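Derivation of every value follows stated rules applied to the coordinates shown; laboratory data play no part. Only a predicted model underlies this, so the values are computations on that prediction, with no experimental measurement involved. Backbone-built Cβ (ideal geometry, glycine too); neighbour counts: all protein chains shown.
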Amino acid sequence: MKACGIDLGTTYSAISWFDGENDRVNTIELVNNADGLPSIRSVVYYPQNEPPVVGDTAWNAARQHPERVVVGIKRSMGDPNYTFALDGTNYTPQQVSSEILKVLVQEAEANLGESVSDVVITVPAYFGDNECAATREAGVLAGLNVLSLMAEPHAAALAYVVEKAAAIDDQDLLVYDLGGGTFDITLIHATALTARVTGEDGEKELPSLRMTTITKEGNSGLGGLDWDKALADLIREKVEEEHGVDVMADPKDEAFLLDSCEKAKRHLSRVASVHVVADMAGHSVEVSRMDFEERTEGLLFQTECLIEQVLKDAVPLFQDRARNEGELSSEEIDKIDIDYVKGKVGVMLTGGSSKMPMVKNMLERVTGKKPIQYGNPDLLVTKGAAYFAYIESLSTPSATDASGQTDDDGKSTAGTTSRSGPIIQIIDTTPVSIGVEALRSDGAGGRKSVYSEVIRKNSQYGKWFQKEFQKSENNATEITIEIYKGDGESDRLEDCTKLTDFTITGLPPGGKEGEAIRVELICENGILRGKALDVTSGLSADVECKRPFE
Ligand code: ADP
Ligand code: MG
């Protein structure tokens, strides 16, 4: 029985397994795929009175029976209000996704000649508890044992280590993932570990990683499909100009045109110009890569802005790190800026749309260095997941870091990755700033309520953060702490979202204004917990808030 890694994508999905005898990842060649790629379209077609069909056949069926076809179900994962209603049945996102998983696993089993049940499924770094739970459930509905979920950028980083056989030691990786319908940019700190595992062929050492998400951003409505649409507009204009025909006069032609455009776009990643047939009547035009790039510049720029944001957000975290390492003077630490961060990061490309040359060129311009090239960017996520699945499925005694220290506490697990063993550690960070309401002088003799940050955005999960406040009046009998989610920039309470509150009660009389109240907050496994202590009386209270980031 083999453990497999599954990239359950918005537009395409793929499955791989790690060959422990030859130390390499193999991606299953899926039949019924597009253009000979080892991935299938994440599209499900429910024919009447027949079992569901997944992949290109389903995609093609959308022309005839659009009401029977589900496209992009990943966008609805975890949405309790979504159902796909057909023939008197209401399908949940988990049920629809499970059909994709089933097909992937069937293909893997046919290819491997053995059964597959243990899997690691990847999820976007921004997936919250609901989306993760739905993804796990999809796995269970497909009859699988989900060993773990894994964040997509972590999987891509891990694939790098596997394919390059631990060429990294200690590195910051900027993972640029442009897929079919989504864009994600994640800055990860990766430290090389060596995993000692016992496989079928005895004990051996394998490269492994400790990964910490430093910062992340994304746009769940931006992807290759937008490039297809922009190209379709361009072609429509050109045909009108050259042939005087509107190829979209009939809305049915839109699907045809978009399909031709997706193919043309793929070709344009390799050649400088392509011939595109725009409609059933055979009207066609020539498009150059330059035309295409000019037309889609604005889309690419949206990703560039998010890259800048992620790098900017990372500046204080790089400063913290430098302080801890103690090698730079405080003046040098103050000088750490976005350019310093750019100088430190390695850039990695994943997602099918990152194959467009314009992506590579932009990244080179923005970061001043060439993206790391290895393997097929479409398949890195599934490959990393396969490797994780392989290691998770073995008995794993411990991991050793580069300095030879054993690191076997297996402690760090949080956020989108709901479990991690001692070998591959994944440490996640808080996606927002968390703080409490506090009073501050308004500069005119009065006081105003403001947001006071306790946990900075992108702080490590599983760690307590503490801040001291002062009582605002004498003889208070109780003190209420209000917890807010902030945007990390503004201290106006109106710009923040209240999460919960809790109260220290029964304070003895005689308390004085200015006495200390210590507030402590921690984010752990998707839960926010808070403690407050009246330092003078020793009385305290605590609170728990589930799913603070939704
Ligand atoms: P997702 O993770 O969103 O499911 P992928 O990472 O597989 O999807 O990316 C799919 C997108 O990549 C599609 O929009 C597809 O058109 C695009 N794509 C795939 N190969 C190429 C290529 N060679 N050049 C440009 N775009 C490509
Ligand atoms: Mg993807």
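Where in the stretch 324-360 does the amide nitrogen come within less than 17 Å of the point 7 Å from the Cα of residue 463, taken along Cα to Cβ? Residues passing the 17 Å test: 324-327.
Based on Cα contacts under 8 Å between residues 6+ apart, the chain shows a relative contact order of 14 percent. Note on residue 297 and residue 361: the model spin-label points, each 7 Å out from Cα along the C-beta direction, lie 1.1 nm apart.
PRE reach from residue 49 (point 7 Å along Cα→Cβ): which of the stretch 69-104 fall under 16 Å by backbone N? Within reach of a label on residue 49: 87-88. Remark: the residue 65-residue 537 segment gains 162.9 nm on full extension, using 0.36 nm per residue and subtracting the alpha carbon distance. Charging the Cβ of each Asp and Glu at -1 and of each Lys and Arg at +1, and nothing else, the dipole of the stretch 195-268 about its Cα centre rounds to 520 debye.
For the peptides 237-250, 216-229, the ranking by packing is 216-229, 237-250, with the highest mean count of neighbouring Cβ atoms within 10 Å listed first. Between residue 473 and residue 243, the simple label model (points 7 Å from Cα in the Cβ direction) yields a spacing of 7.8 nm. The length gained by stretching the chain between residue 516 and residue 170 to full extension, at 0.36 nm per residue less their Cα-Cα distance, is 120.5 nm. For the chain, the dipole from Cβ point charges (+1 on Lys and Arg, -1 on Asp and Glu) about the Cα centre works out to 520 debye, to the nearest 20.
Would you mind classifying the stretch 430-492 by shape? Square roots of the alpha carbon gyration tensor eigenvalues, ordered a ≥ b ≥ c; an a/c under 1.5 is rounded, otherwise it is prolate if a/b is larger than b/c and oblate if not. Here the stretch 430-492 falls in the oblate category.
Sorting 183-193, 104-114, 497-507, 145-155 by average packing, meaning the other beta carbons within 10 Å per residue, from highest down gives 145-155, 183-193, 104-114, 497-507.
The stretch 254-308 and the stretch 119-136 have Cα centres lying 32 Å from one another.
Using the number of other C-beta atoms within 10 angstrom as an exposure proxy, rank 233, 534 with the fewest first.
Ordered from fewest to most neighbouring Cβ atoms within 10 Å, 233, 534 come out as 233, 534.
In the stretch 60-147, what chymotrypsin sites (Phe, Trp or Tyr not before Pro) fall in a loop by DSSP, with at most 10 other Cβ atoms inside 10 Å? Let's see the in-between values first.
Numbers: sites: 82, 84, 91, 126, 127; in loops: 82, 126, 127.
Counting only loop positions with at most 10 other Cβ atoms within 10 Å, none of the chymotrypsin sites (Phe, Trp or Tyr not before Pro) in the stretch 60-147 qualifies.
Across the stretch 108-204, the mean sequence separation of Cα contacts (distance under 8 Å, 6 or more residues apart), normalised by length, yields a relative contact order of 21 percent. Here the Karplus curve 6.51 cos²θ - 1.76 cosθ + 1.60, taken at θ = phi - 60°, turns the phi angles of the stretch 153-158 into couplings of x, 5, 5, 5, 5, 5 Hz, with x standing for Gly and Pro.
Suppose the chain between residue 503 and residue 255 were pulled fully straight at 0.36 nm per residue; how much longer would it get relative to their current alpha carbon spacing?
Answer, rounded to one decimal: 83.5 nm.
Would you mind checking 448/498; 204/370; 335/471; 355/546 for any pair whose Cα atoms are more than 28 angstrom apart? Long pairs (Cα-Cα over 28 Å): 204/370; 335/471; 355/546.
Using the Karplus relation 6.51 cos²θ - 1.76 cosθ + 1.60 with θ = phi - 60°, the per-residue 3J(HN,Hα) values for the stretch 217-233 come to 8, x, 9, 7, x, 9, x, x, 4, 5, 5, 4, 5, 5, 5, 4, 4 Hz, with x marking Gly and Pro.
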